[in-house]
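Colleague: Take a look at the following structure, please.
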Amino acid sequence: MDFFGYDDLVHEIYAAALEPTRWPDVVMQIAALCRSPRAMLFTPTLAPPQGGFTHAFNMPVAEMELWMKKGMHEDPFVESIVRKGWFKDGTTVTGDELVPRAELLASSFYRDLWQPTGIGRVCAGIIFDGSNLYLPPVALSVYRSFDDPDFRSEEVEVVRRLVKHLARALGLMFHLSDLAFRVAATTAALERLAAGVLVVNQHGHVVFSNHAAKRLFCRENVVQLRGDGVGGALLNLAPRLKKHERAFQGALRDALDPLQATMRTLPIPGDDGIPTCVVHVVPLMEESPFRSTQEGAGALVFLYDLESAAAISPDRLMSLYGMTRAEAGVAMEVVRGGATDVMAGRLGVSVNTFNTHLRNVFGKTSTHRQADLLKLLLALAVD
């Protein structure tokens, strides 16, 4: 592979993670590198008003507005890649692999959106499939007209490699802009969270815990505090989760190491293999108030207690949100976690049926992805 400008583009991708205003330029450079007149980096199931984003190059404004209002929900390529089971992190495909040419030409999607824009071919890569609670589905699409040549295998390979770099960069960007940093401005904000939140200093001593974390300490079945007689209390998993203690402490060390300062998400499974809690460890940014008001504070630890959320009665969801019993069952499967086919299997329904119920749940709860739904259920669990 010898594409001029590839290395420079990779550098720009990582720069955009820290300076998101650079993403439109990155998309323009991707189009140029792939010898294509148009490209788009977008959240295929979330419009911007719903918390998604669209960075497009050389896409007419009118068509983009129509796509956001209608087309993104009727995109035959999105429907096909989901139906084929290819909507997975890192997948890279061409349009011809997803939708036959005759079917595309007969679709209203093509007539209303692609044909007026001069688009006929696409090479798409799935950056995030949405299975990670903290990362929304994100895709990269590079477009050509029918007058342009088909995408060659080496060009598809370039897109595949770019998708890997985009995943790393966007993962960093999402973490930096996530709730963990936006709510860390004041202690009061942390107290309002349904998740347990702790601040630990550079030695791993807990210097702050919110109300939800204190409730977890009282239960003693997820996390515990252990005094070391030197500088305060240290954080440990409960004895029943002892086999995960090394991974848990490793996540803390990685976040507190000034040379790494690595963000980690660690699902902690119970005896049945189903996650009992999710630990999210976030290094404190330099501008965090805890760095100035709490000596040596080095990381935020978010504790999502899935067992509490799993204890919510389906009848309560039906009463509060008008869900059917089947929809409430799907909502509770989101708490238990797993891939869509696994959750559907536990309920004994097809993936299509599960997804239909999940869309209804999103609509009734005014959420747009599984991470938002889980946070809602966690909040209900501590009411």
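The values are calculated or read from the model by the stated rules, or taken from the named source; none is laboratory data. Please read these numbers as outputs of a predicted model, since none were measured by experiment. Counting neighbours? That spans all protein chains shown, and the Cβs are built from the backbone with ideal geometry, glycine included. Side chains are part of the model used for accessible areas, which takes the heavy atoms of the whole protein and leaves out ligands, DNA and RNA. Shrake-Rupley method; radii C 1.70, N 1.55, O 1.52, S 1.80 Å.
Colleague: Based on the Kirkwood radius over alpha-carbon pairs, what is the Stokes-Einstein translational diffusion coefficient of the chain at 37 °C with 0.692 mPa s viscosity, in µm²/s?
Modeller: Approximately 145 µm²/s, per Stokes-Einstein.
Colleague: How much length, in nm to one decimal, is gained on full extension between R215 and Q202, taken as 0.36 nm per residue of separation minus their Cα-Cα distance?
Modeller: Full extension of this stretch gives 2.3 nm more.
Colleague: Leaving out ligands, DNA and RNA, what percent of the accessible area of region 64-150 is carbon and sulfur, probe 1.4 Å? Before the final figure, lay out each step's value.
Modeller: Values: 1990 of 3880 Å².
C and S atoms contribute 51 percent here.
Colleague: Please determine, in degrees from 0 to 90 and to the nearest 10, the orientation of helix 153-177 with respect to the longest principal axis defined by the Cα atoms of the chain, where the helix direction is its Cα long axis.
Modeller: 30 degrees
Colleague: For region 92-106, list residues with backbone N below 19 Å from a point placed 7 Å from the Cα of R160 toward its Cβ?
Modeller: 92-99, by backbone N distance to the label point.
Colleague: Right, next: If you take the beta carbon distance between F174 and M28 as r and set R0 to 30 Å, what does 1/(1 + (r/R0)^6) give as a FRET efficiency, to the nearest 0.05?
Modeller: Numbers: r = 22 Å, r/R0 = 0.73.
So, using R0 = 30 Å, E works out to roughly 0.85.
Colleague: Would you mind checking the tilt of helix 370-381 against the longest principal axis of the Cα atoms of the chain, expressed as 0 to 90 degrees and rounded to 10?
Modeller: The two axes meet at around 30 degrees.
Colleague: To test your reading of the geometry: what angle, between 0 and 90 degrees and rounded to tens, separates the Cα axis of helix 245-256 from the longest principal axis of the chain?
Modeller: Helix 245-256 sits at roughly 70 degrees to that axis.
Colleague: Computed FRET efficiency, Cβ-Cβ of R35 and D96, R0 22 Å: what is it to the nearest 0.05?
Modeller: Working: r = 17 Å, r/R0 = 0.80.
The computed FRET efficiency comes out at 0.80.
Colleague: List the lysines whose Cα sits under 21 Å from the Cα of K242, skipping any in the same chain fewer than 8 residues away.
Modeller: K214
Colleague: Under the definition of Cα pairs under 8 Å and six or more residues apart, what whole-number percent is the relative contact order of the chain?
Modeller: Numbers: 590 pairs, mean separation 44.1, N = 383.
Answer for the chain is 12 percent.
Colleague: May I ask you to evaluate 6.51 cos²θ - 1.76 cosθ + 1.60, the Karplus curve with θ = phi - 60°, for each residue of region 321-332 and list the ³J(HN,Hα) values in order in whole Hz, giving x for glycine and proline?
Modeller: Values per residue, Gly and Pro as x: 10, x, 6, 6, 5, 5, 5, 5, x, 5, 4, 6 Hz.
Colleague: Suppose all protein chains stay in the model; what accessible area per residue would a 1.4 Å probe give for the chain, in Å²?
Modeller: Working: 17910 Å² over 383 residues.
Averaged over the residues of the chain, the accessible area is 47 Å².
Colleague: Also, I was wondering about something else. Using a Förster radius of 51 Å, what is the FRET efficiency between S319 and E245 based on their Cβ-Cβ separation? Nearest 0.05, please.
Modeller: My answer for the efficiency is 0.80.
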